[in-house]
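The values are calculated or read from the model by the stated rules, or taken from the named source; none is laboratory data. Only a predicted model underlies this, so the values are computations on that prediction, with no experimental measurement involved. Backbone-built Cβ (ideal geometry, glycine too); neighbour counts: all protein chains shown. These accessible areas exclude ligands, DNA and RNA; they are computed on the full protein's heavy atoms, side chains included. Shrake-Rupley method; radii C 1.70, N 1.55, O 1.52, S 1.80 Å.
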Amino acid sequence: MISEKNWAQELAKSLISLNQLSEKAMICESEVTELQKVKDTFDIRVPQLFIEDIIQGNTALAKQFIPSKNEIIFLPEELEDPIGDARWTPVEGIVHRYPDRVLFKPTYLCGVYCRFCFRRNKVSDASHNLKSENAKTAINYIKDHSEIWEVILTGGDPLVMTDKVLQEILSEIAAIDHVKVIRFHSRIPSVLPSRITNSLIQLLKSTNKSIWIAAHMNSADEFTPEAKIALAKLIDNGIPVLLQSVLLKEINDTHETLVSLFKVAIENRVKPYYIHYPDLAKGTEQFRIPLKKAIELVKGLRGTISGLCIPHFIIDIPGGSGKIAINTHTAKECKNNTWEFESPLDGTIITVQYPHGDEHSETFR
Ligand SMILES: *Cc1c(COP(=O)(O)O)cnc(C)c1O
Ligand code: SF4
């Protein structure tokens, strides 16, 4: 058997200091001091796998992971807890905003630190990680709430935890009858594909629950040969993988970049699930395009590319009010039963009448 690459060693080779970035010419020498305050506020981690591409001038990767001075410009609209996790946290480590599912956040560490991260005020700080007595309380919360059908492991990135810790968590959750689904939200399949080891696969397969992975990737270039192998390994072993992306200025904000991202996902059997408008996290203005333009971009996908490739466009309303899927082709009722639709092919307005049984309810009765 081919021996597996040691993922912990690979993780240790990621770039975490300004000096390392300067040595690789990812930032200029003068920026080592200029960006110190940014680094003190938001940690850096550039995965080893992307170093060469960034050096070669891949701006979609550089903009996501290389710090910039704009990150410490905070706008009044920008929040430490942009989607209101705290409001829905009954016990530490759990976010219970929707009736049938909870977020479970055992760790705040990640395989990379994205400059636009919506939990950037917490990630990378291990002091926020769940202590074992709090993990017990969190598991008990799930046990005590029989309406919880799905547990979503997130953070941070749950797949940076060792197999041993994951095993403990999974076996605790597996023992709860009313939980039927366990979903991981992770950037690991693309930023640290060596983490998708055979033993991890065995561990995921060994639970009696339906396991899903939502993999976070924002550009087609993140589907490296290594990532493709890791994704195929998951899928071949019966673990479905979804794509979760963020719509980011100058990274994937054109029709062409979105089409290539979603097409390469489907070609690798990964289903585009959500594309998020960037949350109002601190210092992230540089990543937002006007919402109106964002809606037009997503609207332009329908009718152009295969429906398999099209995700929902999501905004998570600040303050914890929840996610909304923005309807880019809204149907409008113009008279009773007569509706107007905008053609996804050429934008013309088409009027359609849809008679339905309820109109004749008097006659039918
Ligand atoms: C995003 C989120 C979920 C998952 O929502 P889905 O629409 O099921 O993907 C669940 N709970 C919280 C608190 C969330 O923010
Ligand atoms: S991997 Fe996810 S949680 Fe971690 S920094 Fe990136 S966006 Fe944030």
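Straight distance only, please: which aspartates and glutamates reach the Cα of residue 180 with their own Cα at less than 16 Å, same-chain residues fewer than 8 apart left out?
100, 144, 147, 150, 172
Can you find, among 151, 116, 126, the residue farthest towards the positive end of the dipole of segment 88-234? Put +1 on the C-beta of Lys and Arg, -1 on that of Asp and Glu.
116
Leaving ligands, DNA and RNA out of it, work out the accessible area of residue 267 with a 1.4 Å probe and give it in Å² to the nearest 10.
So the heavy atoms of residue 267 present about 140 Å² to solvent.
If you place +1 on the Cβ of every Lys and Arg, -1 on the Cβ of every Asp and Glu, and leave all else neutral, what size is the dipole of segment 7-360 about its Cα centre, to the nearest 20 Debye?
440 debye
According to a simple spin-label model (label point 7 Å from Cα along Cα-to-Cβ), what is the distance in nm between residue 340 and residue 53?
4.4 nm
What length, rounded to one decimal in nm, is gained on full extension from residue 268 through to residue 134, with 0.36 nm per residue of separation minus their alpha-carbon distance?
Taking 0.36 nm per residue and subtracting the Cα distance, the gain is 44.4 nm.
Who wins for biggest fluctuation among 230, 174, 215 in a Gaussian network model of the chain, springs between alpha carbons below 10 Å?
174
Just tell me which aspartates and glutamates come within less than 17 Å, Cα to Cα, of residue 335; anything on the same chain fewer than 8 places away is out.
Once the sequence-local aspartates and glutamates are set aside, what remains near residue 335 is 358, 359.
Mind scanning 105/249; 143/323; 69/282 and naming the pairs with a C-alpha gap bigger than 19 Å?
Those over the limit are 105/249; 143/323.
Once you've got the GNM for the chain with C-alpha springs shorter than 10 Å, pick whichever of 272, 158, 99 has the biggest mean-square fluctuation.
With Cα springs under 10 Å in the chain, the top fluctuation among 272, 158, 99 is at 99.
Mind running the shape call on segment 20-66? Use the C-alpha gyration tensor, a ≥ b ≥ c as the square roots of the eigenvalues: rounded below 1.5 for a/c, prolate if a/b tops b/c, oblate otherwise. List each step's numbers first, then the result.
On the way: a/c = 2.06, a/b = 1.49, b/c = 1.38.
It is prolate, given that a/c is not under 1.5 and a/b is the larger ratio.
So which of 299/332; 233/271; 233/299; 164/205; 24/233 end up more than 25 Å apart, counting from Cα to Cα? It would help to have the intermediate numbers written out before the result.
Values: 299/332 16 Å; 233/271 15 Å; 233/299 33 Å; 164/205 15 Å; 24/233 32 Å.
Result: 233/299; 24/233 exceed 25 Å.
Which residue, 340, 172, 52, has the most motion in a Gaussian network model of the chain that connects Cα atoms within less than 10 Å?
Most flexible of the set in this elastic network: 340.
Once the piece of chain linking residue 72 and residue 330 is laid out straight, how much longer is it, given 0.36 nm per residue of separation minus the C-alpha distance between them? Each step should come with its number before you reach the end.
Details: separation 258, 0.36 × 258 = 92.88 nm, distance 3.80 nm.
Length difference between fully extended and current span is 89.1 nm.
To the nearest 10 Å², what's residue 235's accessible area with a 1.4 Å probe?
30 Å²
Using +1 at the C-beta of Lys and Arg and -1 at the C-beta of Asp and Glu, which of 283, 194, 170 has the Cα lying farthest in the positive direction of the dipole of segment 7-360?
170
Could you point to the residue in 356, 334, 51 farthest towards the positive end of the chain's charge dipole, with +1 and -1 charges on the Cβ of Lys/Arg and Asp/Glu respectively?
Positive-end residue among those listed: 51.
Got the relative contact order for segment 7-360 handy, in percent, Cα pairs under 8 Å and 6 or more residues apart?
Across segment 7-360, relative contact order equals 15 percent.
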